[in-house]
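Take a look at the structure set out below.
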Amino acid sequence: MFYEVVKSLHSYWAYLVFIVLIITVVNVLMKVFGKKEYEAKDFRLALFTLILTHTQLLIGMILYVVSPRLELWSELGGGVMKNPLARLYLVEHPLVNILAIAAITIGYSKHKKKLTSQAKLKPIAIFYTIGLVLLLSRIPWDAWIG
């Protein structure tokens, strides 16, 4: 029961994360390429995205620990890497998504230290885009959309 609730929360929260992350990336890329000024709204959007992604990470970590799939480590041992579905859920999805959220965190941290608009926008543009691409690369699409 708890597993199903956490799994649903993780799945539905992901939609919110992607919507806000895409909005943030599009907004910041338009500002970088349009040579626009950094505004308070950009700060709030970057921070909100950071909070949403970190919350998703926390939900995902809880899901990982309570997941029945975790037993595959015992059953398959090193065979987890030979099983594409087990490898995706137990290794690739968690690892790549942690790297994605680390990239987003780095972008947010770097932007705070900059003084000019373009210097503030570029780390968000670069690292949030990297985070988005990484997240998109390891979604279990069959389970998420199907």
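Once the Cβ-Cβ distance of residue 35 and residue 110 is raised to the sixth power relative to R0 = 30 Å, the FRET efficiency obtained is 0.95. Taking 89, 128, 108 as the candidate residues, the one with maximal mean-square fluctuation in a Gaussian network model of the chain, Cα springs under 10 Å, is 89. Excluding same-chain residues fewer than 8 positions from residue 110, which lysines have a Cα within less than 25 Å of its Cα? Excluding near neighbours in sequence, the set is 31, 35, 36, 41, 120, 122. What separates the Cα centres of segment 96-130 and segment 69-92 is a distance of 32 Å.
Among 88, 115, 45, the largest mean-square fluctuation in a Gaussian network model of the chain (Cα springs under 10 Å) belongs to 115. For residue 36, nonlocal amide neighbours, meaning residues 5 or more places apart or on other chains whose placed amide H falls under 5 Å from its own, do not occur. Ranking of 111, 93 by neighbouring Cβ atoms within 10 Å, starting from the fewest: 93, 111.
Take the Cβ-Cβ distance between residue 95 and residue 1 as r, set R0 to 25 Å, and report the resulting FRET efficiency rounded to the nearest 0.05.
0.35
Listed values (i) 44; (ii) 55; (iii) 60 include one computed from this model; for percent of Cα pairs over 22 Å apart that value carries the label (i).
Springs join every pair of Cα atoms under 10 Å in this Gaussian network model of the chain, and among 50, 58, 121 the largest mean-square fluctuation is at 58. Only helices enter this figure: runs of n ≥ 4 DSSP H residues, each worth -39500 (n - 2.57), summed and divided by the residues of the chain, yield -26000 deg cm²/dmol at 222 nm to the nearest 500.
In a fully extended conformation the segment linking residue 119 and residue 44 would gain 25.3 nm over its present Cα-Cα distance, using 0.36 nm per residue. Sorting 124, 101 by the number of Cβ atoms found within 10 Å of their own Cβ, with the fewest placed first, yields 101, 124.
A short reminder: the numbers here are calculations on the coordinates, not readings from a lab. Here the structure is a predicted model, which is why all the values come from computation and not from measurement. With ideal geometry, Cβ positions are generated from the backbone for all residues, glycine too; neighbour counts draw on all protein chains shown.
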